[in-house]
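Colleague: Next up is a structure, given as C-alpha cells.
Just so you know, all these numbers are worked out from the coordinates, no wet-lab data involved. Quick caveat: nothing in here was measured; it's all calculated off a predicted structure. Virtual Cβ from ideal backbone geometry, glycine too; neighbours counted across all protein chains shown.
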C-alpha cells in the first residue's frame with residue numbers, strides 16, 4: 001500500500017528545522033512513500049512547526065488549519081504535526097486542533113514512517129496519536145535525507161540543543177541539552193553532500209562555538225571540525241552560523257583565516273549593547289568586552305563580514321538603554337545586523353518579568369535600530385565599489401525593462417546605470433561570501449556577452465553600485 005501513498009511536507013521556522021524536515025522526508029522516501037511538493041495531491045500531510053516565538057506559533061497554527069482544509073478539498077487522509085510547537089504545547093494543540101491525526105515531538109522523528117503506516121491502516125481515531133518524549137534525538141550520516149534546498153547549497157546540522165540559560169529563549173526546553181555529532185560522522189555527511197553537487201555548505205547548530213564540548217571533556221572541537229571541512233575539495237564555500245560570542249579562540253579563528261574554503265563570515269548573536277540589558281538577558285560579556293571581541297575578530301580574520309542579531313523592547317528596557325544600543329552600532333560598525341522585537345513567552349524566565357513594553361514602543365525601536373544599522377551597512381558596502389569579487393549565482397532576475405526587484409528581501413533596487421535600463425539583458429541575482437542565503441544582501445549581475453549562466457555558478461563580478469543592503473555589478 002505504502003508505495004503509492006503520496007506524502008507532502010510543510011517546513012516552518014529556522015534552517016535547523018528544515019534539516020529535520022529533510023531527514024523526515026528521507027526516511028519516508030526510503031520506506032517507499034512518494035514525496036510530492038503539491039499539497040493538494042498528498043494523501044498524508046506533515047507540518048513541521050516552529051514554536052520559538054508568538055508570531056511563529058501563529059504561523060504554524062494557520063498553516064495547520066490550511067492543510068487541514070485539504071481533507072475536504074484535496075486528497076489528504078491524514079494530517080501529522082511535528083516540531084517545536086508540539087514539543088512545547090502539545091496539550092493545547094490537541095484541544096484546539098481536532099483535525100490533526102498525530103502529534104510528534106522533536107524527539108520522535110526516527111519512527112515517523114511506522115507512525116504514518118499505522119495511521120493509514122486505522123480508521124480515524126477519536127483521539128489523536130501523541131508521541132512527545134524527552135528531546136534527545138539527533139540524526140547522523142546514516143539517516144536518509146532528501147534535500148529541499150537548491151542543488152548547490154545545503155545546511156549541515158552539527159549539534160542539537162543548548163546548555164545556555166538566556167532569559168528570553170525557550171530552546172533548551174524545546175530541544176534539550178546540547179548534544180554534538182562526532183567530527184567523523186559530520187565529515188562523512190559533508191563529503192556525501194559534496195558528492196551530490198553541493199558547493200556551499202552552511203554549518204548550523206544552536207551554539208556552533210561550543211560544538212563538541214559534550215564529547216571532549218568540556219573542550220570544544222570546532223577547530224578540528226573546521227580543519228576537516230576545509231579538506232573537502234568538492235566544496236567551494238563552508239559557512240559557519242550561530243557562533244556564541246564567548247567561546248571563539250584564536251586557534252579556531254586562525255583556521256578560518258588560512259583556509260580559502262572557509263568563508264570569511266562571522267555570525268555571532270550579541271543581543272544588546274547595554275550592560276544592564278545583557279545582564280538581564282543572562283547573556284555573557286559586556287559592551288566593552290564585545291567591542292574588544294569585534295576588534296579581535298577583525299584582526300584575526302581580515303576582511304571578514306561580521307553579522308549579529310539584537311533584541312529591542314526587552315522588559316524594562318529604558319530609552320537610555322535603547323540609545324546605548326544605537327551607540328553600540330556606531331562603535332561596532334557591524335556589516336550585517338538583524339533586529340527583532342522582544343516576544344513575551346510563557347516558557348522563558350523573562351516571560352514573567354514586570355516592565356513588559358507595548359507593541360508600539362517595540363516596533364518603533366525596531367524601526368529606528370534597523371535604520372541605524374542600514375546606514376552603517378550602506379557605508380561598508382560602498383567600500384566594495386570598484387572591486388572584483390566572487391559571486392555565487394542563484395537565479396535570474398526579472399527583465400531589466402523595469403526596475404530590479406527582489407520581492408523577498410529588500411524591495412526595489414533602482415536601476416543605477418544605462419546598462420540596467422530598458423533594453424538591457426536580464427540580470428542574474430547572487431551572493432558574495434559575505435552574504436548568507438535568505439538572510440543577507442544580494443548582488444545583481446549583468447552577465448558578460450555570450451555568457452550562459454546557471455544557478456550554482458561562481459563568477460567574478462566588478463562591483464559598480466551599492467545600496468543599503470545590495471550590490472550591482474558586471475560579470476568579468
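Colleague: Pull out the extension gain between residue 71 and residue 375, defined as 0.36 nm times the separation in residues minus the alpha carbon to alpha carbon distance; nm, one decimal.
Modeller: That pair, residue 71 and residue 375, stretches by 104.6 nm at full extension.
Colleague: Still on this model: So how far apart, in nm, are the two label points at residue 476 and residue 96 if each is 7 Å from Cα heading toward Cβ?
Modeller: The modelled label-to-label distance comes out at 5.4 nm.
Colleague: Computed from the coordinates I sent, Cα extents along the principal axes in Å equals one of [x] 66, 59, 46; [y] 85, 60, 35; [z] 82, 55, 55. Tell me the label.
Modeller: So the structure-derived entry is [x].
Colleague: Under 1.5 on a/c is rounded, so check that first for the stretch 107-250, then, if it is not, pick prolate when a/b is larger than b/c and oblate when it is not; a ≥ b ≥ c are the square roots of the alpha carbon gyration tensor eigenvalues.
Modeller: Oblate.
Colleague: What is the distance in Å between the Cα centres of the stretch 335-375 and the stretch 244-261?
Modeller: 30 Å
Colleague: Here's a follow-up. To make sure I understand, if each residue's beta carbon is the centre and we count other beta carbons within 10 Å, what order do 151, 309 fall in, fewest to most?
Modeller: Final ranking by Cβ density, sparse to dense: 151, 309.
Colleague: Kindly provide the helix-only [θ] at 222 nm of the chain, computed as the sum of -39,500 (n - 2.57) over DSSP H runs of four or more divided by all residues, to the nearest 500 deg cm²/dmol?
Modeller: Dividing the helical sum by the residues of the chain leaves -10000 deg cm²/dmol.
Colleague: Per 0.36 nm of contour for each residue apart, how much would the distance between residue 163 and residue 426 grow if the chain were fully extended, relative to their Cα-Cα spacing?
Modeller: Residue separation times 0.36 nm, minus the Cα-Cα distance, leaves 89.8 nm.
Colleague: Suppose a student asked you for the relative contact order of the stretch 153-382, using Cα pairs under 8 Å spaced at least 6 residues apart; what percent would you report?
Modeller: The normalised contact order for the stretch 153-382 reaches 17 percent.
Colleague: Also, I was wondering about something else. Over the stretch 2-131, what relative contact order in percent results from Cα pairs under 8 Å that are six or more residues apart?
Modeller: For the stretch 2-131, the relative contact order is 24 percent.
Colleague: Once you place label points 7 Å from the Cα toward the Cβ at residue 40 and residue 296, how far apart are they in nm?
Modeller: 5.7 nm
Colleague: If you don't mind, there's one more thing I want to ask. At a 10 angstrom cut-off on C-beta neighbours, averaged per residue, how do the peptides 299-308, 48-57, 374-383 rank from highest to lowest?
Modeller: With the highest mean Cβ count within 10 Å placed first, the list reads 48-57, 299-308, 374-383.
Colleague: Compute the distance in nm between two label points, each set 7 Å from the Cα along the Cα-to-Cβ direction, one at residue 388 and one at residue 354.
Modeller: About 6.4 nm separates the two model spin labels.
Colleague: Okay, next question. May I ask you to order 129-138, 269-278 by the average number of other C-beta atoms within 10 Å around their residues, highest value first?
Modeller: 269-278, 129-138
Colleague: Computed FRET efficiency, Cβ-Cβ of residue 117 and residue 347, R0 41 Å: what is it to the nearest 0.05?
Modeller: The pair residue 117/residue 347 has a calculated efficiency of 0.80.
Colleague: Would you mind checking the stretch 145-188 for residues with the amide N under 11 Å from a putative spin-label position 7 Å along Cα→C-beta of residue 282?
Modeller: In the stretch 145-188, the label zone of residue 282 (backbone N under 11 Å from the point 7 Å along Cα→Cβ) covers 163-173.
Colleague: With just the Cα atoms defining each centre, how far is the stretch 121-169 from the stretch 423-468? Give it in Å.
Modeller: 34 Å
Colleague: So what is the relative contact order of the chain, in percent, for Cα pairs below 8 Å that sit 6 or more residues apart?
Modeller: Rounded, it is 9 percent for the chain.
Colleague: With the Cα gyration tensor of the stretch 2-131 in hand, give its eigenvalues times 5 under a square root as the equivalent ellipsoid semi-axes, listed largest first in whole angstrom.
Modeller: 20, 16, 14
Colleague: I need the calculated FRET efficiency for the pair residue 326 and residue 216, taking r as the beta carbon distance and R₀ as 41 Å, to the nearest 0.05.
Modeller: Result of the calculation: an efficiency of 0.55.
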